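The values are calculated or read from the model by the stated rules, or taken from the named source; none is laboratory data. Since the model is a prediction, treat every value here as computed from it, not as a measurement. We place every Cβ from the backbone using ideal geometry, glycine too, and count neighbours over all the protein chains shown. These accessible areas exclude ligands, DNA and RNA; they are computed on the full protein's heavy atoms, side chains included. Shrake-Rupley method; radii C 1.70, N 1.55, O 1.52, S 1.80 Å.
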Amino acid sequence: MSAAIFDVARIGPGEGSEPPRSRLRSDAPAQTLDGTWQFRLSASVLDIPDDTWLDGVAGNWAELGVPGHWNLNGFGLPAYSNVQFPFPIDPPHPPDRNPIGDYRRTFELDPALETVAAVADSRILLRFDGVESAADVFLNGARLGSTRGSRLTHEFDVTDLVRPSGNVIGVRVAKFSDATYLENQDMWWLPGIFRSVALLARPAGGIDDAFVTADYDPTTGRGELAVRVATDGEVRVRIDELGIDMVVRGTGPGIVDTTLAPALIDAGEVSPWSAETPRLYEAVLSTAAERVSLRVGFRRVASAGGILTVNGRPVTLRGVNRHEHDPEHGRVHSEALARRDIELMKQHNINAVRTSHYPPHPDFLDLADEYGLYLIDECDLETHEYEYVEWRGNPSTDPTWREAFLDRIRRTVTRDRNHAAVILWSLGNESGAGSNITAMADWVRGHDPSRLIHYEGDWSSRDVDVYSRMYPSHEEVRRIGEEALHPVAFDATADEARRRGLPFILCEFGHAMGNSPGGTKEYWELVERYPRIAGAFVWEWVEHGIAVRDETGRRLIRYGGDFGESVHDHNFVIDGLVSADRELRPGLVDYAAIIAPVVFEIAADRREAAVINRYDHIDLSHLRVQWRRERDGVVVAEGELEVAAAARERSVVALPSEARDDRRAPEVADVLTLEAALRGETSWAAPGHVVARGQHVRTGAPVREDGTAPAAELFDLRARPFVLGTARVIDPPRLGIWRAPTDNDRAAGWDEPDLPPYAERWATARMDRMLTRLRGRERDDVALTAWTRDGTPSYDAAIDAVWSWRAVEDGLLLHLDIEPHGPWEVDWARLGIDLTLEGAPVGLDFAGYGPGPSYPDTDSGVHFGWHRVGASDLVTPHVRPQESGSRRGVRDATIRTETGAVRVRVLRGGSTDAGVAVTVSPWDRRTLADTTHASLLPAPTATHLSIDIAQSGVGTATCGPGVLPRYRVPAFAASVRLLFSPA
Ligand code: GAL
């Protein structure tokens, strides 16, 4: 075949490659081919120059780094789409306009490899760990074959072709191919050789492949290894720590023959592996020719009676979905970033990752073993585009695609099967149901009975071991939890009866897009309540923002559509618990608290506290439980508690008398805080890291008598600017019921599919443009009362308010009474007072729930305290600007601007017993709503202050239910008493 003919439309796996084998750490020589390659891009398969590109002779070639994506390195532009397909569904064809990248480099063979290759029967393999989407591979002019499966490993035998020097390797890569029909994951299209390329020496008599299962018997505490090693002759198996040193028979060279029974090795008493106790033993497999090391974790994964267990104990998967994403380098792995991800996850109580929606870089598996993370290792498969055509012709149902499906799952499982962290194999994502999915499941079952099988795309759950769903409502999750507790109906189908006996997981929930996800706590209550529910995985870990530089060199974060794509899904790819730069979003802090492994329940009289251990395997001896009592911002007593609770047990401890608040009421609050913190250093956090917190908060509120002697100058409500504290008010206080729509507000919740999104309903009701009419005014030397009515254009619903201002010694008192008037058909976004102060904000000090922002349905990660927030933390720098930054339960706040400061205190009386929510933003809501990217927000010049009596929750309507009814804000009457004074 001429090199210029590139077949990118053939159904099936790649050709010419080796069968898959496990990833092993070997002492056989290897040579990296990463680095600078020559590169050229053709716009279409029809435009590839018909030349002798494989001769390695220089010509008009550019340079490109491997690993890397060409369209993040100056050759073309990235494109983002979700379910939509970037070209017609005309399988197996890509369109003509299909960029083709030719890669080429020369190399000398490393003498170490040459030495091995010189021995008879030794081999040299060329390995690719990831090439998107399809490649033809050539060495020294000969075609080795092709790859299919972008995130899968492909190896070619080059023994007979490779030379000591002057080698030319050529790789022709298509951006789109037949494989694209199976790889329509919700992510950027990022072609290229994006994982490493290497040459591996395979010594004759070496260990080509191994499959080691390490079982743990929870009843005896003993471990057993089932060992299969692909080699001729015998292999020595050593685990020094366990005194194991045995010789077993190989299953023959090449790949492990899994039809042969494994050699069983009794490991004696072992410490089991779990995400909480990631105990690994170093195992060495050796022959005369090669030594391979593995880190073995003994553990048993099972499902019985609808309960998912690890080492015989039910487990709760506190999960996230993780894509590989680096804002500069796309899906190129870096160890530093993978470690950062895992450390952040562990610091936030996450114990499980679904590798959505493809096997991650092989090193990620090592890190998961080492740090302790349960993995759902997912196959590189998604045919979601077929949803557009009602799943007509879905490859999952078509036998001509069967080998392609099977090849993908074989490569997934085989590469990763020696990792303790993998507890579930996932067949893929959103590919519908069909016989090819069944064939994959059958293959996995036959190959690796030590793990369970997951796949969400077929709700009959016929082929899988766990029932899995994404984004069901709370009510549905409750029903699924509940159904396991009742007998199966007599007329249930066999599938139905079987499904009801399976553990249940939410492989996706809590869509973390923008100011989100709300309602997670309510899901987690269900996870904890129903034994059948084995856990849930937030969608998703990281936002896929792509960093670019503008003409001035400024770094900007981009999303779908920003690169001129004609088919795209906007910012739907910006939906993570951390930003692309791994800044924490408030959703992560909330989730960490919701899934915390320790829960404190402090009795109302503070005489005792229940400590609930939600670890599945360990007691609390690694934690120190500290208590601290603060009264009006001052620590008045503190100490440590002796707490003992076995895994999943609850114990009650007495609290010392100094922890109580049995004296006079506090001015602001008397707070008892219990914290569980790490005693020692771990691989992911320093001693003192807090894993869980519980509080008992007794608030007070200062009382002010009306009519105190006047000192402050009373302002005129219409005059501006006037001074509050020392801050100059440039827009006087008025009522606000609108917010800058969050991503969730802009989406129709799955619970109200027939209603427009809230953002639209608010806009239709014109809540963003309320107009005020001063209905009356009375004033004397110390008091000013104004009666206002606020309404929206064209409607007759209004809000009446009475603003009573009174000058007192240290400031101004405001008694505000609010009463809705007429029919308000749409819930409000909030109800509060908005005013604008001169100068950009520089900080906020407050007594209330913080330090981060929260909304009524995202309030688990905040705690009562006397917090200081700097200018950069006032609002969340969402890539798509939107409402953020509200601090709730605030009783005393000082807002500092560039030119002044004002202190606001909540006084007793009024309907705001829970305090107010304070938002201090450098931008007004209209600007936030109308600006598409954070980088386009203007430089702040003013401080926009909102003091809210109520705020709507945020929900998770971008994918899932909207705001739960209890967190919405229907029109209501309210009153608040505030004191404004100098700071
Ligand atoms: C799911 C899908 C994910 C992602 C998510 C929405 O349907 O599995 O890949 O698209 O929705 O962000």
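Does Val643 meet the test of being part of a strand (DSSP E or B), at pLDDT 95 or above, outside the structural domain of Gly861 (by TED's automatic domain parsing) and out of contact with any Lys or Arg (no Cβ under 7 Å at 6 or more places or on another chain)?
Spelling it out, it is not the case that Val643 is part of a strand (DSSP E or B), at pLDDT 95 or above, outside the structural domain of Gly861 (by TED's automatic domain parsing) and out of contact with any Lys or Arg (no Cβ under 7 Å at 6 or more places or on another chain).
Looking only at the range 434-459, count how many residues are modelled with pLDDT of 95 or more and open to solvent by less than 40 Å² (accessible area, probe 1.4 Å).
Total meeting the criteria: 17.
Name every residue in the range 932-958 that is assigned to a loop (DSSP other than H, G, I, E, B), open to solvent by less than 10 Å² (accessible area, probe 1.4 Å) and in contact with a Leu (Cβ under 8 Å, 6 or more places away or on another chain), in order of residue number.
Selection gives Gly953, Gly955.
Only residues that are among the polar types (S, T, N, Q) and within 16 Å of the ligand (Cβ to nearest atom): list them for the range 911-968, please.
If the condition is that a residue be among the polar types (S, T, N, Q) and within 16 Å of the ligand (Cβ to nearest atom), then Thr956, Thr958 are the ones that fit.
Since Trp425 meets every condition but one in (1) within 16 Å of the ligand (Cβ to nearest atom); (2) among the aromatic types (Phe, Trp, Tyr); (3) not in a helix (DSSP H, G or I), which condition does it not meet?
Of (1) within 16 Å of the ligand (Cβ to nearest atom); (2) among the aromatic types (Phe, Trp, Tyr); (3) not in a helix (DSSP H, G or I), only one is false for Trp425: (1).
Quick check on my filter: what residues within the range 838-854 are in contact with a Ser or Thr (Cβ under 8 Å, 6 or more places away or on another chain) and open to solvent by 20 Å² or more (accessible area, probe 1.4 Å)?
Glu838, Val842, Asp845, Pro853
Is there any pair linking a residue in the range 46-69 that is in the same structural domain as Val171 (by TED's automatic domain parsing) to one that is among the small types (Gly, Ala, Ser) and in a loop (DSSP other than H, G, I, E, B), with Cβ under 7 Å and at least six apart or on different chains, and which?
Ile48/Ala4; Asp50/Ala4; Trp53/Ala3; Leu54/Ala3; Leu54/Gly141; Pro67/Ser196
Restricting to strands (runs of 3 or more DSSP E) lying wholly in the range 435-545: which have 1 or more residues that are within 16 Å of the ligand (Cβ to nearest atom) and free of Cβ contacts under 8 Å to residues at least 40 places away in the same chain?
Those strands (runs of 3 or more DSSP E) span 467-470, 504-509.
So, in the range 496-508, of the ones that are open to solvent by less than 20 Å² (accessible area, probe 1.4 Å) and out of contact with any Pro (no Cβ under 8 Å at 6 or more places or on another chain), which residue ends up nearest to Glu378 (Cα to Cα)?
Cys507
Out of Leu381, Leu344, I need the residue that is farther than 28 Å from Pro262 by Cβ, of a type in the set (A, V, I, L, M) and within 16 Å of the ligand (Cβ to nearest atom). Which one?
One residue alone meets the criteria, Leu381.
Search the range 92-107 for residues that are open to solvent by less than 40 Å² (accessible area, probe 1.4 Å) and pair each with any residue that is of a type in the set (Lys, Arg) and assigned to a loop (DSSP other than H, G, I, E, B) when their beta-carbon atoms are under 6 Å apart and the residues are at least 6 apart or on different chains.
Asn98/Lys175; Pro99/Lys175
Right, Gly843: within 36 Å of the chain's Cα centre (by Cα) and farther than 30 Å from Gly519 by Cβ or not?
Details: within 36 Å of the chain's Cα centre (by Cα): yes; farther than 30 Å from Gly519 by Cβ: yes.
Considered against the rule, which asks whether it is within 36 Å of the chain's Cα centre (by Cα) and farther than 30 Å from Gly519 by Cβ, Gly843 comes out as yes.
For the subset of the range 688-711 comprising residues that are touching a strand residue (DSSP E or B) at 6+ places or on another chain (Cβ under 7 Å) and among the charged types (D, E, K, R), which member is modelled with the lowest pLDDT?
Checking each candidate, the answer is Asp706.
If we only count strands (runs of 3 or more DSSP E) wholly inside the range 274-330, which ones have 3 or more residues that are crowded, with 20+ Cβ neighbours inside 10 Å and within 16 Å of the ligand (Cβ to nearest atom)?
Qualifying strands (runs of 3 or more DSSP E): 317-321.
Being assigned by TED's automatic domain parsing to the domain that holds Gly962 and more than 28 Å from the chain's Cα centre (by Cα) is the requirement here; does Ser886 meet it?
Considered against the rule, which asks whether it is assigned by TED's automatic domain parsing to the domain that holds Gly962 and more than 28 Å from the chain's Cα centre (by Cα), Ser886 comes out as no.
Suppose the filter is touching a Ser or Thr at 6+ places or on another chain (Cβ under 9 Å) and surrounded by 24 or more Cβ atoms within 10 Å (Cβ to Cβ); does Val969 pass it? Reasoning before the result, please.
Numbers: touching a Ser or Thr at 6+ places or on another chain (Cβ under 9 Å): yes; surrounded by 24 or more Cβ atoms within 10 Å (Cβ to Cβ): no.
Answer is no for this residue.
Tell me which residues, restricted to the range 759-803, are among the small types (Gly, Ala, Ser), within 20 Å of Asp930 (Cα to Cα) and open to solvent by 30 Å² or more (accessible area, probe 1.4 Å).
Within the range 759-803, just Ala763 meets the criteria.
Among the residues of the range 357-365, is there at least one that is of a type in the set (Ser, Thr, Tyr), assigned to a loop (DSSP other than H, G, I, E, B), within 16 Å of the ligand (Cβ to nearest atom) and touching a helix residue (DSSP H, G or I) at 6+ places or on another chain (Cβ under 7 Å)?
No - not one qualifying residue is present in the range 357-365.
How about the range 11-46: which of its residues are open to solvent by 60 Å² or more (accessible area, probe 1.4 Å), out of contact with any helix residue (DSSP H, G or I) (no Cβ under 9 Å at 6 or more places or on another chain) and at pLDDT 95 or above?
Passing the criteria: Glu15, Asp27, Thr32, Thr36, Ala43.
Inside the range 558-600, can you point out the residues that are charged (D, E, K, R), outside any loop (DSSP other than H, G, I, E, B) and open to solvent by 40 Å² or more (accessible area, probe 1.4 Å)?
Of the residues in the range 558-600, the ones charged (D, E, K, R) are 558, 562, 565, 569, 575, 581-583, 585, 590.
Next cut, outside any loop (DSSP other than H, G, I, E, B) only: 558, 590.
Arg558 - this is the single residue of the range 558-600 that is charged (D, E, K, R), outside any loop (DSSP other than H, G, I, E, B) and open to solvent by 40 Å² or more (accessible area, probe 1.4 Å).
Just need a number here: residues in the range 384-410 that are touching an Asp or Glu at 6+ places or on another chain (Cβ under 8 Å), open to solvent by 20 Å² or more (accessible area, probe 1.4 Å) and either closer than 30 Å to Phe211 by Cα or away from the ligand (no atom under 16 Å from the Cβ) (or both).
Result for the range 384-410: 0.
Could you please give the count of residues in the range 21-41 that are more than 27 Å from Ser122 (Cα to Cα) and in contact with a Gly (Cβ under 8 Å, 6 or more places away or on another chain)?
The total comes to 5.
In the list Ala654, Ala665, which residue meets the criterion of being open to solvent by 30 Å² or more (accessible area, probe 1.4 Å), without any contact (Cβ under 8 Å) to a residue 40 or more places away in the chain and more than 20 Å from Gly852 (Cβ to Cβ)?
On the way: Ala654 fails: without any contact (Cβ under 8 Å) to a residue 40 or more places away in the chain.
The conditions single out Ala665.
Pull out all pairs, ordered by first then second residue, where Cβ-Cβ is under 7 Å, the residues are six or more apart or on different chains, the first lies in the range 950-973 and is not assigned by TED's automatic domain parsing to the domain that holds His511, and the second is open to solvent by 40 Å² or more (accessible area, probe 1.4 Å) and of a type in the set (Ser, Thr, Tyr).
Between residues of the range 950-973 that are not assigned by TED's automatic domain parsing to the domain that holds His511 and residues that are open to solvent by 40 Å² or more (accessible area, probe 1.4 Å) and of a type in the set (Ser, Thr, Tyr), the close pairs are Pro961/Ser473.
State the number of residues belonging to the range 972-983 that are surrounded by 17 or more Cβ atoms within 10 Å (Cβ to Cβ) and of a type outside the set (S, T, N, Q).
Number satisfying all stated conditions: 6.
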